[in-house]
Amino acid sequence: MSPTTLALTQAPGLVDLAKELDETKVTPGILGFLVFAALGLAVWMLLKSMNRHIGKVDFEEPSAGDAGRS
């Protein structure tokens, strides 16, 4: 006997609760939204920081005549 079945047979209140739970309509809820929003905010901040740091890079490509020299 599985632990879930055993728990349902020992607690009649859980049987009613289990019947009300529709497995196809379970949503992540507010916690899932907050985690997703925090991850989105973190990615946005990282991209903004990366853009600022890349903007500070001063890179001059050597001309064709200087390519052969060391």
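Summary of values
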quantity: Members of the range 17-39 that are modelled with pLDDT under 75 and surrounded by 10 or more Cβ atoms within 10 Å (Cβ to Cβ); calculated: LEU17, ALA18
quantity: Residues being open to solvent by less than 90 Å² (accessible area, probe 1.4 Å) and in a helix (DSSP H, G or I) - total across the range 41-66; calculated: 6
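The values are calculated or read from the model by the stated rules, or taken from the named source; none is laboratory data. Note that the structure is predicted; figures quoted are calculated from it, not measured. All Cβ positions, even for glycine, are placed from backbone atoms using ideal geometry, and neighbour counts span all protein chains on display. In case anyone asks, the SASA skips ligands and DNA or RNA and just uses the protein heavy atoms, side chains included. Shrake-Rupley method; radii C 1.70, N 1.55, O 1.52, S 1.80 Å.
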